[in-house]
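Quick notes on the structure that follows.
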Amino acid sequence: MTAGEAVRYRRLQQQLARTKKGSANRARVRAHMNKIMGRVTDRRTDLCAQTAATLTAKNALVVLEDLKTRNMTASASGTFAEPGSRVVQKRGLNRAILDKGWHRLERALTSAARYTGTRVVKVNPAYTSQRCATCGFVTETNRESQAVFRCKATGCGHTAHADMNAAINIKHAAGHAASASAPAGP
C-alpha cells in the first residue's frame, strides 16, 4: 500500500466508524475501501506472477525455505493477567511479513513451474542462519548481528554476510532434498 493509499484508507475507516449501520452512505464508504484494497491486492499478485515467471524461466530449480507464516505472525499480546512484551514492535513485524505475501509468491512459483518444467523445492529453515556454510558448525553465536556471520568453530573462522551464508546452506539442503527425491538410476 502506498503512503497516499494508506492515508486515504485510514480516513475511510474513520468515515466508516461514523456512519450508521445499513445506510447507503456506509455502503459507499465500504465500496471505496474495497476499491483501494483491490488495487493493492492486484499489484501484489502481479508482482508475484512476474517474479515467478522470471525465476522459473531462468532456473531449473527454485529453492524456498518452508517458513510457517502463521506461526511467525502469531500475536504477542498475551493475556490480561500477563500482557505480552514488545507488542507494538511485534505488530509492525507481523504487518511487514504479511505485506510481503510469501505464500502468494510460493503459489505463483508453483503455478509457473508447471509450464516451464522447473522444480520448486522447499527446505526446512531450521538453523540455516546459524550453520557455517564451510564447516557445518552450528551455534547461536555464529550470527553476530543481522548482517554479520562469523564461525566460532576452532580452526574455521569463516566470515560472510549472514544472508549469503544462509542462502548457501539453503542451496546445500536443496541439493540433499533433490537427490533424495530423484528417481533411482538403472
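The values are calculated or read from the model by the stated rules, or taken from the named source; none is laboratory data. Owing to the predicted nature of the structure, the values given are computational and were not obtained by experimental measurement. Cβ coordinates were reconstructed from backbone atoms using ideal geometry, including for glycine residues, and neighbour counts include every protein chain displayed. The accessibility values were calculated without ligands, DNA or RNA, using every heavy atom of the protein model including side chains. Shrake-Rupley method; radii C 1.70, N 1.55, O 1.52, S 1.80 Å.
Brief remarks follow.
- Here Asn124 qualifies as within 19 Å of the chain's Cα centre (by Cα), farther than 30 Å from Asp42 by Cβ, open to solvent by 40 Å² or more (accessible area, probe 1.4 Å) and in contact (Cβ under 8 Å) with a residue 40 or more places away in the chain.
- The residue of region 148-165 that is least open to solvent (accessible area, probe 1.4 Å), among those that are of a type in the set (A, V, I, L, M, F, W, C) and more than 30 Å from the chain's Cα centre (by Cα), is Ala153.
- Restricting region 72-86 to residues that are surrounded by fewer than 14 Cβ atoms within 10 Å (Cβ to Cβ) and either closer than 27 Å to Thr41 by Cβ or polar (S, T, N, Q) (or both) leaves a set whose member that is modelled with the lowest pLDDT is Thr79.
- The set of residues in region 81-99 being out of contact with any Lys or Arg (no Cβ under 9 Å at 6 or more places or on another chain) and either of a type in the set (Lys, Arg) or not in a helix (DSSP H, G or I) (or both) consists of Ala81, Glu82, Pro83, Ser85, Arg86, Lys90, Arg91, Arg95.
- Set Glu106, Glu5, Glu65: member being touching a Leu at 6+ places or on another chain (Cβ under 8 Å) and acidic (Asp, Glu): Glu106
- Looking across Thr69, Thr45, one residue alone is open to solvent by less than 50 Å² (accessible area, probe 1.4 Å) and at negative phi. It is Thr69.
- Residues in region 127-140 that are touching a strand residue (DSSP E or B) at 6+ places or on another chain (Cβ under 8 Å), open to solvent by 70 Å² or more (accessible area, probe 1.4 Å) and not in a loop (DSSP other than H, G, I, E, B): 1 in all.
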